[in-house]
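What follows is a short report on a single structure.
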Amino acid sequence: MKKQLAAILCALLLMVSALPAASALEGEALRAADTLATLGLLDDAASDPESPATRSQAAVLLVNLAGAEAEAAAQSGSSAFQDVPAAIAGAVNYAAGQGWISGVTATEFRPNEPLTANAWAAFLLRMLGWSDADGDFVISGAAAFAQRIGLFPTAYTGALSQGDLWETAAAALSFSYREGDDTVITRLVDSGAVSRSAANALGLLNPALTARQIADRCAAAVFQLNLYETDAAWRDDTPTGEASGFFISADGLAVTNYHSIDGATRATVTLSTGDLYEVESVVYYDPDIDIAVIRVSRDALEGNSTTAFACLEIAPSGTGDLRMGDTVYALGSPLGLGLAVSSGVVSATEREVERYALPCVMSTADISEGSSGGALLNACGQVVAVTSGAFLYGNSMYLAVPIDPVLSADLSGRGQTLAQVAEAEAD
């Protein structure tokens, strides 16, 4: 037993030591720079990725990401900022006129000052349609908000390197504007600011994602679910069960398994950022098909309150387009250890299982105890099913209940508390 424990600890230490720091890894940064340069969005891709990013670089790159380089070049007239050199005056004036950037003071933009994560996050968020003026986020917490909604794939704090700037800009290409379904790259292509052939050559318009892209784009919407069956367990912060779940709307609607919440009177949600929120209500559930839709409070018990969560798209036809052999990805929190992604193929699209009222999707995407309620995604990153269980004596025979009932469920009501559902189901 001691040897087993030592082996496990060694493995964990190796995993932790392999994790990248928050600053950009050089290889990743240069790949991001190449992507941006190929698209014509970055002129100084040969710069040192470890050198500090500046506010002037951010302003120019922001305008390019918006596809507004020509409009910025046509800007004329004086600027509100007195310290902006002529070379970047058009970009700064245009971005300021759009309300995307702000100065350090009313008259100083300070173009050569180091770019902070919060400033860059605020610039990007405003360009994408979010507003600190309307209370969507606060500048002092802009980077944390960007991570919570999935815009930043990891945590960034303090001053950014040029590599950080390139990586976050490249990641933003696949992010959607707040209003509408357009992503940054699709809008750039549709407007003619970026050539379709260049975007296609880089795979940016290919709906099929790699496992890395699934993790980067979807993990922020998946959470660990801690369940409490008694008031004493809640007071002592001693969970009586652990599961997974995922958001399907920015305002806090989320999906999990019914068996995950069965008997619980309280529950909390822990995001990949570490922020902790309480489950407010259950707006839909069906024990027979093992699905529940819950509403999560946006007021944090620990960490940061938020105006929005990252959320996953449900495949329009649910499991209807799945075929044997299709690639799928499972995202959840196995064993309560934190978020994990696994990949596999669909081995059966309609496997009859005694405990479920609907046929299940069976796949080889690994799940474990604690993964119940996680998302099974197709190659496009859309939810097709909810990871639920496995055949105990089988190999790679993991089960997920179809997401289809959620597509037709009425999710508009206030719902019931977990305690009310537990009482009703106990009768």
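Just so it is clear, none of the values below were taken in a lab; they were calculated from the coordinates. All values derive from a computational prediction rather than experimental measurement. Here Cβ is always computed from backbone atoms with ideal geometry, including for glycine, and neighbour counts include all displayed protein chains.
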Helix-derived mean residue ellipticity, 222 nm - over the chain, DSSP H n ≥ 4, -39500 (n - 2.57), to 500:
-8500 deg cm²/dmol
Rounded to the nearest 20 debye, what is the charge dipole size of the chain about its Cα centre when +1 sits on each Lys and Arg Cβ and -1 on each Asp and Glu Cβ?
740
Calculate one ³J(HN,Hα) per residue across the range 270-286 by plugging θ = phi - 60° into the Karplus curve 6.51 cos²θ - 1.76 cosθ + 1.60, and present them in order as whole Hz with x for glycine and proline.
10, 7, 5, 7, x, 5, 10, 9, 9, 6, 7, 7, 10, 9, 6, 7, 8
P(r) histogram, all alpha-carbon pairs of the range 339-427 included - 10 Å bins from 0, percent
15, 42, 29, 13, 0
Using alpha-carbon positions, the gyration tensor of the range 102-160 gives root eigenvalues a ≥ b ≥ c; with a/c under 1.5 called rounded, otherwise prolate if a/b exceeds b/c, else oblate, the class is oblate
Which is farthest toward the positive dipole end of the range 208-427 among G415, A310, S244, measuring Cα position about the Cα centre, with Cβ charges +1 (Lys, Arg) and -1 (Asp, Glu)?
A310
The answer for the net charge of residues other than A220 whose Cβ lies under 12 angstrom from its Cβ, with Lys and Arg +1 and Asp and Glu -1, is 0
For P334, what is the net charge nearby, where nearby means another residue's Cβ is under 14 Å from its Cβ and Lys, Arg count +1, Asp, Glu -1?
-3
Starting from the alpha-carbon convex hull of the range 27-206, give the projected area averaged over all orientations, in nm².
9.8
How big is the gap, in Å, between the Cα center of the range 276-304 and the Cα center of the range 66-140?
38
F81: net charge of surrounding residues, Cβ under 12 Å, Lys/Arg +1, Asp/Glu -1, itself excluded?
0
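Could you give the length gained on full extension between M397 and D427, defined as 0.36 nm per residue of separation minus the Cα-Cα distance, in nm?
7.4 nm
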Charge dipole magnitude, Cβ of K and R +1, D and E -1 - the range 27-206, Cα centre, debye nearest 20
160
From Cα coordinates alone, what are the radius of gyration and Dmax values for the range 222-371 in angstrom?
15.7, 47
Other-chain or far-sequence residues with amide H under 5 Å of G241's (modelled H):
L227
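Within the chain, which is the longest segment containing none of the GluC sites (Glu not before Pro) that sit in a DSSP loop and have at most 16 other Cβ atoms within 10 Å? Don't jump to the answer; show the numbers that get you there.
Working: sites that count: E50, E108, E179, E313, E352, E354, E369.
The longest such stretch corresponds to 180-312.
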Viscosity 0.692 mPa s, temperature 37 °C: what is the translational diffusion coefficient of the chain from Stokes-Einstein with a Kirkwood Rh over Cα pairs, rounded to a whole number of µm²/s?
143
